[in-house]
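**Student:** Just dropping this structure here.
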Amino acid sequence: MLILAKTALAMMLGFIFAIICGLITIPLLKKINFRQHVSSLIGERHLKKEGTPTMGGVIFIIPVLITIILLYIRGSITLNHNLIITLFVFLSYGLLGFIDDWLKVRYNNNQGLRISTKFLLQMCIALVFFYIFMKNGGEPVLRISSLNLVLPMGWSFGLFILFLLVGTSNAVNITDGLDGLCGGLCVIAFLAFGIITWSTTWMEGYQEIAIFCFVLVGALLGFLLFNSNPAKVFMGDLGSLSLGGVMATVAIITRHELSLALIGGVFVVETLSSMIQIIAIRKFHRKVFKMAPLHHHFEQVGWSERDIVKVFYVVGLLLAMAAITYGVWL
């Protein structure tokens, strides 16, 4: 019962603070003209979204940070290296996304940071992650519990961290293309990781990481009040990169790296659809999908935005439930 009480409190605080933050932030974003530029290539239905405020990720990032600080001051949680890693990646990727968003707004295009610059900064974040992880007794191994395998990785575990951080953050970023799609899928994903984390009693600070996940779930639910169709604000790269980065982080420190592919299955499919489309066009000069990523393909064949989001939610929920069953019960 105590676990349920902590979970409910974490989600409630995140939700309430996110609503307050949204009511303050959205008018401010409009006033300082932080608005989204929409490419005409996406389709006419999206052109009406031109000028919608962006950088809405602050609506859930700030509440999570405030809640964690309040719980720490109250003595409800303790500061440990796993929580430090989680907060570091969450805020670092948020800052990276902020710079990317600011450049897009500043120059009124969708270019943002150069790919090489963004990758270099992500590499620095991964190196700090790896250093803190190893300094506090982390094992550089990949565990596949279903096959009872432990694969030693040594220094290459740092590259593995980089791969997951970059891959997951970009996958979540690619999925952020319809109102409420990315935010809702992340609610499902972090709810699953929160439940899984409660069972990792062997890990130092497992309760703090679980509480972090549930605070983020609550904050994302508050954000969805402003982001669901029709969206009053977009999360921007500020939000999507921070969510993807911290999702990979929780998977790594809880040693559920393989579960990440299942919990984030929709993100994986969205990314694969974009990769397949790029390869098909460049190598074979033809399209596999009418438009990539996959959610835009469904738009092109006549699905409504809300129907696409609902179907993707259902698929994400089914995959998350399968991952919880595997990660906690089996």
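Taken together, the values in this text are just the output of simple stated rules run on the coordinates, not laboratory data. Remember, it's a predicted structure, so these values are computed and weren't measured experimentally. Backbone-built Cβ (ideal geometry, glycine too); neighbour counts: all protein chains shown.
**Student:** Dividing the Cα radius of gyration by the Kirkwood radius, what Rg/Rh value follows for segment 2-256?
**Tutor:** On the way: Rg = 18.2 Å, Rh = 18.6 Å.
My calculation puts Rg/Rh at 0.98.
**Student:** Check LEU142: other-chain or 5+ apart residues with amide H under 5 Å from its amide H, H built from backbone geometry?
**Tutor:** Answer set, sorted by chain and number: LEU151, MET153.
**Student:** Which of the peptides 312-321, 263-272, 135-144 is most tightly packed, and how do the rest follow, judged by the mean count of other Cβ atoms within 10 Å per residue? Present the calculation step by step, with values, prior to reporting the outcome.
**Tutor:** Numbers: 312-321: 18.6, 263-272: 23.3, 135-144: 13.4.
Top to bottom by mean Cβ count within 10 Å: 263-272, 312-321, 135-144.
**Student:** Measuring from label point to label point, each 7 Å out along Cα→Cβ, what is the VAL301 to ASN136 span in nm?
**Tutor:** Calculated label separation equals 4.6 nm.
**Student:** Which entries in the list LYS30/LYS283; LYS6/LYS48; LYS118/LYS283; LYS6/LYS310; LYS135/LYS232 go over 32 Å, if you measure between the two C-alpha atoms of each? Walk me through the numbers before you get to the answer.
**Tutor:** Numbers: LYS30/LYS283 43 Å; LYS6/LYS48 42 Å; LYS118/LYS283 26 Å; LYS6/LYS310 29 Å; LYS135/LYS232 44 Å.
From LYS30/LYS283; LYS6/LYS48; LYS118/LYS283; LYS6/LYS310; LYS135/LYS232, over 32 Å: LYS30/LYS283; LYS6/LYS48; LYS135/LYS232.
**Student:** Starting from the exponent 0.38 and prefactor 2.2 Å, build the expected Rg for segment 176-291 from its residue count and divide its actual Cα Rg by it. All intermediate terms of the calculation are to be shown ahead of the outcome.
**Tutor:** Values: Rg = 16.4 Å, N = 116, 2.2 N^0.38 = 13.4 Å.
Taking the Cα Rg and dividing by 2.2 N^0.38 Å, one obtains 1.22.
**Student:** Now a separate question. Under a 10 Å cutoff between Cα atoms, tell me which one of SER156, SER274, SER242 has the largest fluctuation in the Gaussian network model of the chain.
**Tutor:** Looking only at SER156, SER274, SER242, the biggest GNM fluctuation is shown by SER156.
**Student:** Further, regarding this structure: Counting other Cβ atoms within 10 Å of each Cβ, which chymotrypsin sites (Phe, Trp or Tyr not before Pro) in segment 116-199 have at most 12 and sit in a DSSP loop?
**Tutor:** Numbers: sites: PHE119, PHE129, PHE130, TYR131, PHE133, TRP155, PHE157, PHE160, PHE163, PHE190, PHE193, TRP198; in loops: TRP155.
In loop regions of segment 116-199 (DSSP not H, G, I, E or B), the sparsely surrounded chymotrypsin sites (Phe, Trp or Tyr not before Pro) are TRP155.
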